[in-house]
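In what follows, a structure is listed as structure tokens, so that the remarks can point back to it.
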Amino acid sequence: MLNYYMPTRIMWGREIVKESGHHMKGLGQKALIVTGRNSSKINGSLEDVLQTLSKNDIEYKIYDQILENPSIENVEEGAAYYLDADFVIGIGGGSPIDAAKAIAVLIKNKGLSAKEAFWSGVQRQAIPVVAIPTTAGTGTETTPYAILTDHIDQTKKNFSQLVFPVFAFFDVRYFMTMPLETRIYTGVDALTHLVESYLTTNSNPLNSYFSEEGLRLWGQCRNLLNQVIMDEATMEKLMEASMLAGIAIAQTGTSLPHGMGYALTYFEHIVHGKANGILLKPYMAKCKDVAKVKRILELIDFESLDSLGNYLLEVLGSTKIQKEAIVQYAKAMMSNSLKLKNHPDVVTEDDLIQIYSEYLL
Ligand code: NAP
Ligand code: FE
């Protein structure tokens, strides 16, 4: 069965934001800019947005306090900052863009707490969201998801609403300032999206098409991923791979590595891309569809799963955690029915322990 929906208008090119004024104007008169503390001020993206808004007489406020892995409290504060906004512009990596989506729901549903707005089982509307990504990446600019940190449940979780950005503007200049570690972690996150989408129960010919093309492009970037210099042409390929990964997971969701990685980020403070990346090879080794796994390796140009595992270990660096913690996380994951059902084979707690253990023990 095919079921495909991706309503985000993708616009790509140098200085594209400066040409987007009429699009922004079509969304309203008042914009809330949602971004992190520093990077958008350094890479030129915030300045381009401010110029465009000013030129088009759009009022704005800037909420620049989004932290990595944004919490429920963080997005509640962001929404309260400009409750009258007509639309939200998220600038940055996955954290500010996810936060922008959550804030857009809170502004549309004024008076509701985040818990009521996101997790009461009702599909809520949002005011329009514009996404300007600067990492490659989470692909959030082409997904309807927003991952928030819940300190009460002590985990990260999707906000259970479907908010695709109306526009996604890509300008390679904004990505060139990524520190090497950020480029590696976010680039590996994109790889895990491509692989998880391809191998999930929900996979179909369309998302597989996007995953295969994304994997092929990713394979062309991988030798430069951990080099100090990445040229613009390669960065654009990585951006495209990440965007295609977003389109793919928008259709299928993610699977075991993402579900298992959230505990590593919440409790062990391992960055999102590294948390998934370190689980990727042992997860792929558990997948029974060996033909698909082989196809992935061909597309990203690795001879074997072991060579992929060695590569990931080299670029991500090794981290060790306690055996007791692994057992705890595996137990908790056994109750994450949403992610478990995305995996085509039956998984036991021992399987999960093995996946966690290969590189982390
Ligand atoms: P991030 O948390 O948005 O940003 C990480 C760091 O990189 C921040 O310090 C940020 O600085 C900096 N940074 C971002 N762009 C930069 C640039 N161009 N130059 C220099 N520094 C830059 O990282 P992310 O990996 O992109 O996002 C991770 C979040 O996305 C996680 O919460 C994850 O769960 C979520 N995610 C969402 C989806 C989805 O579909 N919604 C999919 C996968 C992951 P500033 O703080 O100063 O901006
Ligand atoms: Fe991810």
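Looking at segment 212-243, which of the residues that are without any contact (Cβ under 8 Å) to a residue 60 or more places away in the chain and under 15 Å from the mean Cα position of the chain (by Cα) is nearest to ligand 1 (Cβ to nearest atom)? In this case the residue turns out to be G214. Within segment 75-93, the set of residues being within 11 Å of ligand 1 (Cβ to nearest atom) and open to solvent by 10 Å² or more (accessible area, probe 1.4 Å) comprises G93 only. Being open to solvent by 80 Å² or more (accessible area, probe 1.4 Å) and among the polar types (S, T, N, Q) holds for only one residue in Q65, Q51, and it is Q51. Of all residues in segment 160-184, those satisfying the criterion of being among the hydrophobic types (A, V, I, L, M, F, W, C) and more than 9 Å from ligand 1 (Cβ to nearest atom) are L162, V163, F164, V166, F167, A168, F169, F170, V172, L180, I184. What are the residues in segment 237-252 that are of a type in the set (G, A, S) and open to solvent by 10 Å² or more (accessible area, probe 1.4 Å), if any? If the condition is that a residue be of a type in the set (G, A, S) and open to solvent by 10 Å² or more (accessible area, probe 1.4 Å), then A250 is the only one that fits. Applying the set (1) outside any loop (DSSP other than H, G, I, E, B); (2) touching a residue at least 40 places away in the same chain (Cβ under 8 Å) to E116 leaves exactly one unmet item: (2). Of all residues in segment 159-193, exactly one satisfies the criterion of being surrounded by fewer than 20 Cβ atoms within 10 Å (Cβ to Cβ), polar (S, T, N, Q) and within 22 Å of A250 (Cα to Cα), namely S160. Can you name the residue in segment 316-350 that is of a type in the set (V, I, T) and not in a loop (DSSP other than H, G, I, E, B) and, of all such residues, is farthest from N223 (Cα to Cα)? Ranking the qualifying residues of segment 316-350, first place goes to V327.
Conditions (1) part of a loop (DSSP other than H, G, I, E, B); (2) among the aromatic types (F, W, Y); (3) over 24 Å from the mean Cα position of the chain (by Cα), marked per residue:
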position	(1), (2), (3)
L27	yes, no, yes
A31	no, no, no
D48	no, no, no
S54	no, no, yes
D57	yes, no, yes
I62	no, no, no
N69	yes, no, no
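For segment 40-63, name all the residues that are under 19 Å from I127 (Cβ atoms) and in contact with a strand residue (DSSP E or B) (Cβ under 7 Å, 6 or more places away or on another chain). Within segment 40-63, V49, L53, I58, E59, Y60, K61, I62, Y63 meet the criteria.
The values are calculated or read from the model by the stated rules, or taken from the named source; none is laboratory data. These numbers were taken from a predicted model, which means no experiment stands behind them. Here the Cβ is made from the backbone with ideal geometry for all residues, glycine too, and neighbour counts use every protein chain on show. The accessibility values were calculated without ligands, DNA or RNA, using every heavy atom of the protein model including side chains. Shrake-Rupley method; radii C 1.70, N 1.55, O 1.52, S 1.80 Å.
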